[in-house]
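Accompanying notes for the structure given below.
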Amino acid sequence: MHWTNRTFGPSVGLVAVLTAPSRAVPRKRASSVGLKLVMAASGLLLVLFLFAHMAGNLKIFVGAASFDHYAHWLRDIGTPLLPRTWYLWLQRVGLTAAVVAHIASAAVLARRARAARPVRYAHRPKVQGSYAARTMRWGGVIILLFVVFHVLDLTTGTLNPVGDAQHPHANVVADFAPSRWYVTLFYTLAIVAVGFHLRHGIFSALRTFGQQSPRGEHRARAIALVLSVVLVVGYLSVPFAVLSGLVS
Ligand code: HEM
């Protein structure tokens, strides 16, 4: 009998294409080192924002007027060279681009790492991935969900009990009132997730770009831990200061 593609319909041809080794289809791919550079550069930008934002938040300990003044000043950065709020919008576009680049390069690198593992059987066992890789992925998802909630809470004021753009201090105090303990709990979980994410991310970036000796690894681990702890403590100090009545 003469077997043709017609005998089984088009699905056989499709199966042959899908199961063919990927090497058979030469494609231009970004180098993995290049992707790691994109991850590190976008991650660095996000870390810089996180430290600047934390420093700004700590102004709440100076007083309501100082905190509100700082929030208004954010809108004036770049003036008179730029019209008012332009810098803020440029920063928003830059941060969004950094988040997209960070997630896209992470996804491609993770797929490559999975594909590089030897697979002996046609029936491929479920790939578990390392503990760090799994927490990075889910940590990233929690952080992303948190940022969406956070922007609706303290930037647009949509989910905030006060939601007054002119008085961000009042928004923050209303947010972390004892009766809204679940908001503080969510912030705490998200900030701890940021801490874990950063600890692994900073460590990986330092290892990839230099610190590869055993001493370097030790140093990278210590730097990553210290920076993450500073950030977590700095951020958490605000909701807990409100919760305890220190800031009102
Ligand atoms: C308890 C901790 C935090 C407090 C009290 C806080 C407070 C604030 C406030 C008051 C604003 C509005 C600023 C304004 O428009 O005047 C804001 C905006 C923002 N926060 Fe936070 N924040 C906290 C943690 C975080 C964390 C952990 C992240 C990131 C993972 C983050 C990311 C942002 C972003 C992306 C914006 C929007 C900035 C913009 O309008 O372009 N914040 N935050």
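The values are calculated or read from the model by the stated rules, or taken from the named source; none is laboratory data. Keep in mind that what you see is a predicted model, and the values were worked out from it rather than measured. Cβ coordinates were reconstructed from backbone atoms using ideal geometry, including for glycine residues, and neighbour counts include every protein chain displayed. The protein model used for the area step is the full one, side chains on, heavy atoms only, and it has no ligands, DNA or RNA in it. Shrake-Rupley method; radii C 1.70, N 1.55, O 1.52, S 1.80 Å.
Using a simple spin-label model with pseudo-atoms 7 Å out from Cα toward Cβ, Gln212 and Ala116 lie 1.2 nm apart. Peptides 88-95, 67-74 ranked from most to least packed by the mean count of surrounding Cβ atoms within 10 Å: 67-74, 88-95. For the range 42-92, the relative contact order is 19 percent, taking Cα pairs closer than 8 Å that sit 6 or more residues apart in sequence and dividing their mean separation by the residue count. Residues of the range 208-225 with backbone nitrogen within less than 16 Å of a virtual label 7 Å along the Cα-to-Cβ line of Thr135, please, listed as ranges. Those under the cut-off are 221-225. Solvent-accessible surface of the range 128-248, averaged per residue with a 1.4 angstrom probe and all protein chains in place: 57 square angstrom.
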